[in-house]
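Here the structure comes first, spelled out in structure tokens, and everything after it is commentary.
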Amino acid sequence: MQDIITLKVLSAVSENGFSLDELVFQTRELFDKEGLPGFIGLILRLTDEKICMQMVQGKSEYSQPCCSEPRYEYQGSLSRRFRTSVGIVAINWRRLRCCNCGRTNIPLRDFLGIDLYQSKTLELEKMVTEIVSEQSYRRSSNHLGSIGNIPVPKSTAHRWVAQSDCDQMDDSGETFDMLFADGTGYKRRPDKAAKVNNRGELRVALGVDKSGSIVPLGAFSGKSWDEIAVVVRGERQDGKPIADMLVSDGERGIAQSFAQSCNSHQRCHWHTVRDLNYTMWQDKAKKDERKKMQKELSAIIGIELPEEDFEIVDGSDKKALAESVADAEYDIGKLIKKLYDKGYVTAGDYLSRASKNMFSYVRRWLLTGIVGPRASSMIERMMRELARRLKRMAFGWSEEGAARMARIIIKRFTSAEQWDKYWKKKLMIKGNVVLVLRSITAN
Ligand SMILES: [Zn+2]
């Protein structure tokens with residue numbers, strides 16, 4: 001009955017017209033009473049009417065035809081409610097029955113491309129994921145409640161994020177310019193029976209492609225670097241490197257698991273200098289001596305690449321640069337000997353391991369002209385941000401929950417553009433809504 005009345009109103013509108021005052025008055029009343037969801041509901045109602053009317057009149061086909069000669073008649077309506085970022089949108093969509101084959105369908109549902117059991121919009125899912133990845137689930141659901149009246153309880157937000165596939169990582173199989181890997185601690189859910197304490201570690205791998213864009217390759221918890229390397233390698237055939245150069249902070253596991261999957265390996269200078277202090281401290285060296293050795297090391301390893309393009313730098317300068325690498329390696333050898341002579345064995349061992357990959361960035365430049373980093377500061381920044389956000393998100397993560405959230409955070413952090421692109425594709429934004437509105441008013 002309601003449907004027929006609305007139809008009559010609609011036809012009265014198009015035949016006799018209405019005044020601007022009336023339109024403003026009615027629209028304001030609709031907004032006051034039902035807000036934005038009411039307005040969206042109205043548009044859906046008009047769209048439903050238009051589609052169904054045309055189908056019943058045999059004028060058009062919005063869904064796959066049910067048979068060769070479909071003839072439709074109204075068969076009641078169903079009420080549906082959707083959670084959206086502007087609130088609950090409630091509609092009654094019509095059901096049509098084909099008199100020829102007897103099948104029923106819901107034209108508006110097909111038109112909108114909504115799944116059978118869908119109860120929320122994807123744009124809301126995107127918004128929830130973004131808010132949740134900034135702060136705790138509990139705070140998020142309060143926050144969602146306060147913006148635009150979105151009733152999304154904590155448990156629901158949690159489930160949405162857990163079920164979403166928005167944390168998928170790059171699996172293009174390309175060879176990156178650079179590979180970074182690092183870890184950061186977080187408080188995980190302890191399990192006494194399984195002897196799991198609350199100290200979890202999140203491990204992240206990032207690639208930098210030829211154009212300089214950062215591509216997240218994975219975030220893991222409770223996995224060894226070997227296991228992680230297998231995942232990051234993915235479908236790459238043996239011999240196809242993950243990246244031209246691995247830049248590592250010197251954690252042994254990272255180098256062992258990834259170095260053979262990259263053409264070369266650069267130790268982070270900053271970490272090497274820092275860890276020299278730490279290892280000397282382990283060897284009980286005094287503070288001023290530690291500082292002195294750090295200073296010496298910094299002076300040796302600080303070889304600057306020429307600022308000019310590779311092609312412009314002339315051959316003799318390149319030769320001089322290669323010689324300065326040889327000199328620096330000789331000087332590090334002397335420094336290592338000095339450490340051993342003073343009985344600083346831990347520091348000596350450490351520096352002799354680290355020295356092997358100290359000047360890969362210079363060799364690579366001499367070979368290819370590509371300027372690469374000699375510090376892992378880029379991933380450091382990422383890891384600090386990750387640790388900061390995870391800390392804000394309350395404690396007691398499951399391993400998988402933390403890794404998933406980390407993937408979402410690094411995806412958003414490394415490339416907001418990619419993140420938006422992913423959602424845009426999923427949201428099927430075609431730019432047709434304007435057309436729908438226009439065609440309703442034109443009829
Ligand atoms: Zn049919």
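Of note:
- So Lys240, is it among the basic types (Lys, Arg) and at pLDDT 85 or above: yes
- Pairing each residue of the stretch 24-40 that is under 11 Å from Gly87 (Cα atoms) with any residue that is not in a helix (DSSP H, G or I), provided the two are 6+ apart or on different chains, yields C-beta distances under 6 Å for Leu36/Val86; Pro37/Val86; Pro37/Gly87; Pro37/Ile88; Pro37/Val89; Ile40/Val89.
- Scanning the stretch 195-214 for residues that are among the hydrophobic types (A, V, I, L, M, F, W, C) and over 24 Å from Lys391 (Cβ atoms) yields one hit, Val208.
- Residue match in the stretch 364-376 (condition: touching a residue at least 40 places away in the same chain (Cβ under 8 Å) and either more than 22 Å from Phe310 (Cα to Cα) or of a type in the set (Asp, Glu) (or both)): yes
- Conditions (1) within 27 Å of Gly401 (Cβ to Cβ); (2) surrounded by fewer than 16 Cβ atoms within 10 Å (Cβ to Cβ); (3) among the charged types (D, E, K, R): number failed by Arg203: (2)
- Checked against the criterion of being touching a strand residue (DSSP E or B) at 6+ places or on another chain (Cβ under 8 Å), modelled with pLDDT under 80 and of a type in the set (Val, Ile, Thr), the stretch 430-437 contains not a single residue that satisfies it.
- Pairs, first more than 19 Å from Asp349 (Cα to Cα) in the stretch 250-277, second among the acidic types (Asp, Glu), C-beta under 6 Å, six or more apart: Ser257/Asp226; Asn263/Asp244
- Sub-6 Å Cβ pairs linking a first residue in the stretch 405-433 that is surrounded by 13 or more Cβ atoms within 10 Å (Cβ to Cβ) to a second residue that is part of a helix (DSSP H, G or I) and at pLDDT below 80, at least 6 apart or interchain, are Ile409/Arg389, ordered by first then second residue.
- Of all residues in the stretch 55-73, those that are closer than 29 Å to Lys120 by Cβ and either touching a residue at least 40 places away in the same chain (Cβ under 8 Å) or away from the ligand (no atom under 16 Å from the Cβ) (or both) total 4.
- Selection within the stretch 74-104: residues that are assigned to a strand (DSSP E or B) and within 11 Å of the ligand (Cβ to nearest atom). The member of this set that is farthest from Leu122 (Cα to Cα) is Cys98.
The values are calculated or read from the model by the stated rules, or taken from the named source; none is laboratory data. All values derive from a computational prediction rather than experimental measurement. All Cβ positions, even for glycine, are placed from backbone atoms using ideal geometry, and neighbour counts span all protein chains on display.
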